[in-house]
């Protein structure tokens, strides 16, 4: 895997980003839009927001493994991604190439991030706001966590957001300072598409979720596609999950060998 691709993947992760097991593609059928009729009157907005929020996957930990295609400005690589989440505390990511060699490992917390590039033998330690050089300043840890878990984004599930039905499905939209958001839900009341746009800074971010599969008593996307643009940089990631585990013991190993160089 090329070194510049690994560096771009690090940026993509941060612009992006009980029992469950290797999904056997048990897919929950999505009812047709005409079958799902929900009250839309303005005075029902709080109840409708609560309804959508109630479909979130409750978890303390997530352990995910997926086969991913990474396209950075037209340069495509196939990798394996392992993602572990301790709710509201840590996101751990490991990226391995086809040769079975781990290229990148990262740990994200609400206030910091650690990056280790095994091929270049370097590591980086930064405050969380480091990512603002590559994405909108409204992006926070909770937003990354929600995107990776297929849950609603708390910052947008507020009464000032517009909530309407279009073609029989819910659409949530609004603005958070320079960031415009538009989220489409399916008839299972789960997110199917998340769009974030910052026209002022020429930044755009889109997540599209595939079919949902049952995990515990809730639903989790069996795949996701991330498209990120920041100026001239374009990054596309497509992940097909091959393992999904919820509420299992997880570890977040991150050590730095002595011969690794600290880079800023």
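At-a-glance table
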quantity	calculated
Unique residue being within 16 Å of residue 81 (Cβ to Cβ) and not in a strand (DSSP E or B) when the list is 250, 207	250
Wholly enclosed strands (runs of 3 or more DSSP E) of the range 77-190 bearing at least 2 residues modelled with pLDDT under 95 and closer than 24 Å to residue 47 by Cβ	162-166, 169-176
Tally, over the range 114-136, of residues that are in contact with a helix residue (DSSP H, G or I) (Cβ under 6 Å, 6 or more places away or on another chain) and under 15 Å from residue 90 (Cα atoms)	1
Tally, over the range 184-198, of residues that are crowded, with 18+ Cβ neighbours inside 10 Å and closer than 20 Å to residue 238 by Cβ	7
Test: residue in the range 228-238 that is under 24 Å from residue 59 (Cα atoms) and out of contact with any helix residue (DSSP H, G or I) (no Cβ under 7 Å at 6 or more places or on another chain)	yes
Subset of the range 64-76 [assigned to a strand (DSSP E or B) and more than 21 Å from residue 191 (Cβ to Cβ)]	65, 67, 69, 70, 71, 72, 75, 76
Restricting the range 199-250 to residues that are under 27 Å from residue 53 (Cβ atoms), surrounded by 16 or more Cβ atoms within 10 Å (Cβ to Cβ) and at pLDDT below 90, the residue that is nearest to the chain's Cα centre (by Cα)	228
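Table: residues versus (1) over 18 Å from residue 64 (Cβ atoms); (2) surrounded by fewer than 20 Cβ atoms within 10 Å (Cβ to Cβ); (3) in contact with a strand residue (DSSP E or B) (Cβ under 9 Å, 6 or more places away or on another chain).
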position: 128; (1), (2), (3): yes, yes, yes
position: 144; (1), (2), (3): no, no, yes
position: 160; (1), (2), (3): yes, yes, yes
position: 168; (1), (2), (3): yes, yes, no
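The values are calculated or read from the model by the stated rules, or taken from the named source; none is laboratory data. Keep in mind it's a predicted model, so treat the numbers as computed, not measured. We place every Cβ from the backbone using ideal geometry, glycine too, and count neighbours over all the protein chains shown.
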